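Just below is one structure, and these are the notes that go with it.
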2 protein chains.
Amino acid sequence: MTRTGRRSDGSDTRADLLTAAQREFYDRGYAGASIRGIAAGAGVDPALVYHYFADKQALFVAALRFPANPAEKLPQVLAGDPKELGIRLVGTVVSVWDSTESSPILTLLRSAVTNPAFADMLREFLIDAVLRPVLDSLVVQQRELRASLVASQLVGLAMARYVLRLPPLTTLGIDDVVQVIAPTVQRYLTGPLGAG
Amino acid sequence: MTRTGRRSDGSDTRADLLTAAQREFYDRGYAGASIRGIAAGAGVDPALVYHYFADKQALFVAALRFPANPAEKLPQVLAGDPKELGIRLVGTVVSVWDSTESSPILTLLRSAVTNPAFADMLREFLIDAVLRPVLDSLVVQQRELRASLVASQLVGLAMARYVLRLPPLTTLGIDDVVQVIAPTVQRYLTGPLGAG
C-alpha cells in the first residue's frame, strides 16, 4: 500500500507530504487530521513524515505557508512576568506579521473569510497552537472566553492594519501598536472581564 | 445627455441608480464618488437621485446592501452619558449584525479581504459615516488613533463571532458580548491610550 522508495529525490516526498497535508487538513480539520492519514495520502510510511516535519503542527505551518511556527515563538512569549504577557504577545505577533512583504496574514484572512472549512481549520489551529498554551500558562477562570477575546482583538488588529489600512494603525511602528493594543490583550488574559 | 423620462417604471430608475452607484463607488471610492457622477452614470438628472435616496450615504448603504444605515442608528448611540458610549456602540453594532440570517457582515468582510478597492471604499465610509461622528461627539485628543482602535476591536469581534466562530464569543448573547467588549471600546474612545 505505501510506496516507500518510489522517489529518488527527497524533495518530491516533502512536496507530496505538503500536498497530502493540505488535503487532509481541509477534509478533516486541524484537530481531526492525523500524521498517519497524511502519510497514507502521500503514499509513504508514517515514520518518514518525521524525517521532514517535527509534528502535526509543523506540518500544518509548512502546508499553509505560515510566516512562523507558533511553537518556536511561544517560549519567549510565555517566559517572564504574566502581567506583561500582553506586551510580549502583541509584540511577537505584529513582528511576525510585519516581517515579510508578501503579507501571508492577508492570504490567511482571505482564505478564512471566503472558505468556511478553512475558517474551521484555522480556528482549531489557533486554539490548539496559540490560545490554549497561552491561557494554560495563567491561573485564571474563563479561559475559553479570554482566548476568544484575545483572538478577536488580534485578528481585528490584522484587519485594521493590513486589510482596511486604517490610519494611523496601519502605519504605526510595532512599539506604538504594542503600547495601545497590549493593555486590551492583557485585560482579556488576566484582568476583570465585564464592566468591573 | 441625461435621459429623463426614458422609463415609465420608477423601480427601474432606482435599480439603475444602484448599479451606477456601485460602479462609481468602486471607481472613485466613497469620498470621491458624487451624486452628480452617479446620476450621469444612470442617465438621469441629479435632482432625481434625491427622490429615491436621502444622500450619498443612503445611496451607498443601499447599493452595498448594508443591514442598516449608520445615520439612522447613530442618534441613539450618541445620546446619553459619554462614559457609556462604548456600551451603546457595541450593543447597537452587534444587534445590527445579529439581526439577519443572511449575515451581510460576512459579505462585507469577504469583499474587503478579497478586493483592495472595496477595502479602501469601506474604510472611507467607516471613517466618514461612523467613526468620525462618534469621535466628534467627544472631547478627546488623538481622534484618528482612537477611531482606528475602535474599528480594530469591532471588526475583530465580527471576525471572531461570524467567520472564525470562536467559542464562546460566537454564541454569547448580545448583552454578554457588550459586557466583555464595551470596556475595551470605551477605553479606546475616552480612556488613557498606551500602558497608562
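Would you confirm, using the coordinates I've provided, whether A:Val155 is hydrophobic (A, V, I, L, M, F, W, C) and more than 8 Å from chain B (Cβ to nearest Cβ)? Taking the combined requirement at face value, the residue does not satisfy it. Residues of region A:32-57 that are closer than 22 Å to A:Val93 by Cβ and surrounded by fewer than 18 Cβ atoms within 10 Å (Cβ to Cβ): A:Ala54, A:Asp55, A:Gln57. Does region A:15-32 hold any residues that are touching a Phe, Trp or Tyr at 6+ places or on another chain (Cβ under 8 Å) and either modelled with pLDDT of 95 or more or assigned by TED's automatic domain parsing to the domain that holds A:Ala129 (or both), and which are they? Correct list: A:Leu17, A:Ala21. For B:Phe66, the test of being over 17 Å from B:Leu157 (Cα atoms), in contact with a Phe, Trp or Tyr (Cβ under 9 Å, 6 or more places away or on another chain) and part of a helix (DSSP H, G or I) is failed. The numbered conditions (1) free of Cβ contacts under 8 Å to residues at least 24 places away in the same chain; (2) closer than 24 Å to B:Pro183 by Cα; (3) surrounded by fewer than 22 Cβ atoms within 10 Å (Cβ to Cβ) are all true for A:Ile87 except (1). The set of residues in region B:90-121 that are free of Cβ contacts under 8 Å to residues at least 24 places away in the same chain and either within 14 Å of chain A (Cβ to nearest Cβ) or under 13 Å from the mean Cα position of the chain (by Cα) (or both) comprises B:Thr92, B:Arg110, B:Ser111, B:Ala112, B:Val113, B:Thr114, B:Asn115, B:Pro116, B:Ala119. Residues that are β-branched (Val, Ile, Thr) and at the interface with another protein chain (Cβ under 9 Å from one of its Cβ atoms) within region B:158-177 comprise B:Val163, B:Thr170, listed in sequence order. Residues in region A:25-63 that are polar (S, T, N, Q) and outside any helix (DSSP H, G or I): A:Ser34 only. Conditions: (1) within 7 Å of chain A (Cβ to nearest Cβ); (2) in contact with a Pro (Cβ under 7 Å, 6 or more places away or on another chain). B:Leu138 meets all but one. Number of the miss? Exception for B:Leu138: condition (1).
The values are calculated or read from the model by the stated rules, or taken from the named source; none is laboratory data. Quick caveat, the model's predicted, so the values are computed rather than measured. Using ideal geometry, Cβ is built from the backbone for each residue, glycine included, and neighbour counts are taken over all protein chains shown.
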